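Enquirer: Below are the structure tokens for one structure; questions will follow.
A short reminder: the numbers here are calculations on the coordinates, not readings from a lab. Owing to the predicted nature of the structure, the values given are computational and were not obtained by experimental measurement. Please note: Cβ atoms are built from the backbone with ideal geometry, for glycine as well, and neighbour counts cover all protein chains shown.
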Amino acid sequence: MTDNNRPVLCAVIGRTRHKMMQIEIQEAAKRGAQLIELRLDFLAKAPDFKRLLAQRPCPMIASVRRPVDGGRFPGSEEERLMLLRQAVVAGFDWIDLETDVADQVRRYGNVKRIVSYHNMRQMPDDLEEIYERMCAQDADVVKIAVTAGQPSDNLRVLDLINKGRKPTVAHCMGDMGACSRVLSACYGSPFTYAAFNPERSFAPGMLSLDELRKTYHYEELDNKSKIFGVIGDPVGHSLSPLIHNQAFRKMNFNGVYLPFRVPRGELADFLKSFDSLGVRGYSVTIPHKESAARLATIRDPAVERIGAANTIIRMVDGWHAFNTDAQAAVESLKANLPVGPDGTPGQLQSRTVLLLGAGGVARALAHMLKENNVPLILANRTPERSQKLAEEVGCKVVDWAARHNVLCDTLVNCTSVGMHPNLDECPIHVSFLKPGLMIFDTVYTPETTMLIREAKERGCHVLTGVDMFVRQAGLQFKLFTGLEAPLELMEKLVRRALSPIAIKEEE
């Protein structure tokens with residue numbers, strides 16, 4: 001697509017009014033788009049091609065999508081084909097033709113042809129056969145957009161790009177397919193599609209122009225880029241891609257960090273199938289931390305004690321598992337303890353901690369607190385899990401319903417209660433929150449959870465999940481790259497990303 005053969009970003013623009021399309025065309029080019037697709041099916045009136053193509057800042061693609069392909073064109077198929085032919089004659093640089101109609105619109109002049117296939121429902125079993133037929137349809141570029149039903153579907157579309165007989169743009173739609181949109185740059189895709197406006201996506205899972213440029217640095221990726229990612233379900237809320245990718249750029253490290261949504265119980269199959277991508281390491285979050293520990297060949301001492309891993313690194317002899325949650329959480333607590341009446345720093349060993357939860361983070365912190373000789377009491381909504389953890393670390397346990405009766409000076413929330421999007425939930429009744437009580441909420445999306453907000457109002461000493469999140473990410477970054485993490489940059493990025501959430505909550 002360009003002389004330097006670098007990956008290109010194609011901004012997709014669809015508005016009902018010509019004036020808004022014209023404005024967004026110029027703005028998209030200013031923001032880095034080197035190719036623009038105009039979705040003519042969005043226009044409320046018949047397209048004025050002369051007006052749309054005036055002062056074009058870069059090559060332009062015309063497309064008119066049917067509802068079955070995710071579009072809005074309200075007319076008949078005959079009217080749609082006529083509009084596509086008119087766009088060709090009008091002077092668009094590219095025309096997008098669905099595979100079932102591509103043979104009905106002949107090549108004209110220097111207009112290049114994208115032959116496309118969209119499946120908004122599923123990944124077809126015969127995808128490879130569909131692709132081979134499309135390659136025979138006089139295409140300059142073949143485009144495949146299908147809906148991922150499982151993580152391995154991404155590998156099928158990336159394989160089409162890698163081995164294709166023609167230049168190929170292929171990706172999976174949906175949040176499970178987001179990784180394929182970014183990784184296409186590493187596999188030789190001539191371009192990828194991006195929404196000009198992040199609030200106006202044209203297909204499920206489509207990333208915005210700014211996300212692809214500023215978070216994933218799409219145009220800088222190549223087949224030498226080292227691949228990392230975060231595994232979880234859900235994973236779309238994670239800020240890990242933002243901070244790790246920016247840290248890679250800061251440290252001049254050629255890598256990309258991606259979100260991988262992997263449903264519960266599918267981690268083993270995911271790791272095996274994605275070996276073909278050569279992924280170097282993963283951050284691991286809910287619900288896979290314990291599974292990651294079991295599947296690893298080598299476990300660091302913290303993982304052996306805790307039985308949960310939040311980081312796995314690919315080594316010659318298999319996956320090595322680490323847990324940076326434990327170290328980060330204890331470092332956060334020690335660094336943020338209330339100062340004593342005489343001005344001396346507080347001591348963690350002198351505090352009694354009520355810990356809520358028994359999942360991966362809770363397990364990590366419970367073991368680390370007991371190693372530091374901190375008096376500990378556990379409570380969890382599933383009593384069997386808290387009882388098992390209490391026996392492992394040798395501490396007290398109370399029923400979830402009795403947590404409000406516990407006498408402590410530090411409360412740590414390791415549950416997901418209060419995490420986005422459940423912003424109106426709190427893991428403890430507000431009557432428990434007394435002046436001087438230390439509250440540590442490991443949730444960081446949002447930073448100001450309901451627990452943190454209520455605790456501040458009642459004079460508690462609060463510690464949000466951002467501090468721990470940045471510390472554990474910094475430890476992961478060093479495991480991934482061997483480099484010291486730019487922690488100040490990471491914290492700045494997290495707080496900036498979370499600030500709109502905080503603003504909305506305050507309003």
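Enquirer: Put +1 on the Cβ of every Lys and Arg and -1 on every Asp and Glu Cβ in the stretch 195-285; which of 215, 201, 236 then has its Cα farthest towards the positive end of the dipole?
Expert: With unit charges placed on the Cβ atoms, the residue in question is 215.
Enquirer: Per residue of the stretch 278-292, in order, report the coupling 6.51 cos²θ - 1.76 cosθ + 1.60 (Karplus, θ = phi - 60°) as ³J(HN,Hα) in whole Hz, putting x for Gly and Pro.
Expert: The phi angles translate into x, 4, 7, x, 10, 7, 10, 10, 3, x, 10, 5, 6, 5, 4 Hz.
Enquirer: In this model, which of 19/45; 334/456; 370/434; 143/163; 370/396 are farther than 23 Å apart at the alpha-carbon?
Expert: 370/434
Enquirer: Report for the chain the percent antiparallel among DSSP-assigned beta bridges with both residues inside it, nearest 5. Walk me through the numbers on the way to the answer.
Expert: Values: 8 of 71 bridges.
Close to 10 percent.
Enquirer: Just order 365-375, 304-314, 65-75 by mean Cβ neighbour count inside 10 Å, highest at the front, would you?
Expert: 304-314, 365-375, 65-75
Enquirer: Assign unit charges at the C-beta atoms only (+1 for Lys and Arg, -1 for Asp and Glu), then state the dipole size of the stretch 1-160 relative to its Cα centre in Debye, rounded to the nearest 20.
Expert: For the stretch 1-160, the charge dipole is close to 1060 debye.
Enquirer: Another question, if that's okay. So how strong a dipole does the stretch 335-469 carry about its Cα centre when Lys and Arg Cβ are +1 and Asp and Glu Cβ are -1, to the nearest 20 debye?
Expert: 200
Enquirer: Counting only residues 5 or more places away or on other chains, whose amide H sits under 5 Å from the amide H of residue 442 once H atoms are built in the peptide plane?
Expert: When sequence neighbours closer than 5 places are left aside, the close amide H contacts are 413.
Enquirer: How large is log10 I(q)/I(0) at q = 0.16, 0.19, 0.23 Å⁻¹ when the Debye formula is applied to the Cα atoms of the stretch 40-160, each weighted equally and without solvent?
Expert: Relative scattering, expressed as log10 I(q)/I(0), comes to -0.82, -1.07, -1.36.
Enquirer: Taking neighbour counts of Cβ atoms within 10 Å as a proxy for exposure, in what order, fewest first, do 18, 288 appear?
Expert: Working: 18 15, 288 28.
Placing the least packed residue first, the sequence is 18, 288.
Enquirer: How many angstrom lie between the C-alpha centres of the stretch 432-458 and the stretch 191-221?
Expert: 35
Enquirer: Also: Check cross-link reach from residue 492 to the aspartates and glutamates: straight Cα distance under 12 Å, and skip same-chain residues fewer than eight apart.
Expert: Reachable aspartates and glutamates: 467.
Enquirer: Now for a separate question. Got a sec? Charge dipole of the stretch 8-222, +1 on Cβ for Lys and Arg, -1 for Asp and Glu; which of 20, 184, 169 is way out at the positive end?
Expert: 20
Enquirer: Measure out, as a whole number of angstrom, how far apart the alpha-carbon centroids of the stretch 384-423 and the stretch 51-103 sit.
Expert: If we compute the Cα centre of each part, the gap is 58 Å.
Enquirer: Here is a follow-up. Using 0.36 nm times the number of residues separating residue 6 and residue 81, minus their current alpha carbon distance, what extension gain do you get?
Expert: 23.7 nm
Enquirer: What's the exposure ranking of 93, 317, 467, going from fewest to most Cβ atoms within 10 Å? Walk me through the numbers before you get to the answer.
Expert: Working: 93 16, 317 8, 467 22.
Arranged by neighbour count, lowest to highest, 93, 317, 467 become 317, 93, 467.
Enquirer: From the phi of every residue in the stretch 57-66, what ³J(HN,Hα) in whole Hz does the Karplus formula 6.51 cos²θ - 1.76 cosθ + 1.60 yield, where θ is phi - 60° and glycine or proline is x?
Expert: Taking θ as phi minus 60°, the curve returns x, 6, x, 10, 9, 9, 9, 9, 8, 7 Hz for the stretch 57-66.
Enquirer: Add -39500 (n - 2.57) for each DSSP H run of 4 or more in the chain, then divide by its residues: what number comes out at 222 nm, to the nearest 500 deg cm²/dmol?
Expert: -10000 deg cm²/dmol
Enquirer: Let's test the formula: R0 of 45 Å, r as the Cβ-Cβ distance of residue 458 and residue 298. What FRET efficiency results, to the nearest 0.05?
Expert: 0.45
Enquirer: Give me the dipole magnitude in Debye, nearest 20, for the chain about the Cα centre, with unit charges on the beta carbon: positive for Lys and Arg, negative for Asp and Glu.
Expert: In total the dipole reaches around 880 debye.
Enquirer: Cα centroid distance between the stretch 248-273 and the stretch 230-244, in Å?
Expert: Each part's Cα centre sits 9 Å from the other's.
Enquirer: Highest first, please rank the peptides 453-460, 435-442 by the mean number of other Cβ atoms sitting within 10 Å of their residues.
Expert: The densest-packed peptide leads the list: 435-442, 453-460.
Enquirer: Given a cut-off of under 8 Å on Cα pairs at least six residues apart, what relative contact order in percent is computed for the chain?
Expert: 8
Enquirer: Same structure again: Which residue, chosen from 94, 137, 155, occupies the Cα position most advanced towards the positive end of the dipole of the chain, where the dipole is computed from +1 (Lys, Arg) and -1 (Asp, Glu) charges on Cβ about the Cα centre?
Expert: My answer, from the dipole projection, is 94.
Enquirer: Can you classify the stretch 381-440 as rounded, prolate or oblate using the Cα gyration tensor, where a ≥ b ≥ c are the square roots of its eigenvalues, rounded means a/c under 1.5, and otherwise it's prolate if a/b beats b/c and oblate if not?
Expert: oblate
Enquirer: Provide, in order from the shortest bin, the percent of all Cα-Cα pairs of the chain in each 10 Å bin, continuing until the bin that contains the maximum pair distance.
Expert: Values per bin, smallest distances first: 4, 18, 25, 21, 15, 10, 5, 1, 0.
Enquirer: Taking every DSSP beta bridge with both residues inside the stretch 8-222, roughly what % is antiparallel (nearest 5)?
Expert: On the way: 0 of 33 bridges.
Roughly 0 percent of the DSSP beta bridges within the stretch 8-222 come out antiparallel.
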